[in-house]
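The values are calculated or read from the model by the stated rules, or taken from the named source; none is laboratory data. Fair warning: this is a prediction, and the values are worked out from it, not measured in the lab. Cβ atoms come from the backbone with ideal geometry, glycine included; neighbour counts cover every protein chain shown.
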Amino acid sequence: MKRIVLILNLGFISILGFAQESQNGTNNYNIFNCKDCNNKYFISTNSGVLNTPIGLRIGFLCKTGAYLGSRFGKGQVYSIQTDVTKKTNLYSVTAGLIKPVFIHNKFSIYAFIGGGYGQWWDYRWESWTKGGGEIEGGLMISYRKVMINFSANVLMGEKTYATGDVTVGIGYRFK
């Protein structure tokens, strides 16, 4: 688990090292500089492949952008005392930062990393932790106003194993 977190962090830091500088050449030290950004707002689906298939991600893309994401699904909880398995709701709420990696004409690639809280173990025992901390990192690729995004997510909790998932989405950029 520590290796996965370390690899994700090192990968994101190396991607940010190649991030594109401001296009107008002025030294503006505002981290959220959106002066020259076109179609800076976005809304996108955010579907977990394994556990949380319904989701939404909204945010803005600038020199440094930000997003809020959520996902929902269904799971099961097993009670050892009653030997009964019940259905439960799964969810995830995350927020993070977005940096441009490559921008050329109408094509762009952005890297993002974030964290939050989740409860998306698809099958767990009742004595296990319900939820835990979540980290995610991925890429957003856009052409004109259409974008697709991919991310890897890891959910960590106490009294249970860490679990991972991959999310995909398709979205729309607007002013």
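Of the residues GLY116, GLY138, GLY132, which single one is surrounded by fewer than 21 Cβ atoms within 10 Å (Cβ to Cβ) and modelled with pLDDT of 95 or more? Selected residue: GLY116, the only one of GLY116, GLY138, GLY132 that is surrounded by fewer than 21 Cβ atoms within 10 Å (Cβ to Cβ) and modelled with pLDDT of 95 or more. Selection of segment 66-120 for residues being in contact (Cβ under 8 Å) with a residue 60 or more places away in the chain and among the aromatic types (Phe, Trp, Tyr) yields PHE102, TRP120. Scanning for something over 17 Å from GLY48 (Cβ atoms) and within 14 Å of the chain's Cα centre (by Cα), does segment 71-93 turn up at least one residue? No, the conditions are met nowhere in segment 71-93.
Can you confirm whether segment 26-35 contains a residue that is modelled with pLDDT of 90 or more and either touching a strand residue (DSSP E or B) at 6+ places or on another chain (Cβ under 9 Å) or under 19 Å from ALA95 (Cβ atoms) (or both)? No - not one qualifying residue is present in segment 26-35. Residue count for segment 121-140, restricted to those that are closer than 19 Å to GLY69 by Cβ, touching a residue at least 40 places away in the same chain (Cβ under 8 Å) and either among the hydroxyl-bearing types (Ser, Thr, Tyr) or touching a helix residue (DSSP H, G or I) at 6+ places or on another chain (Cβ under 9 Å) (or both): 3.
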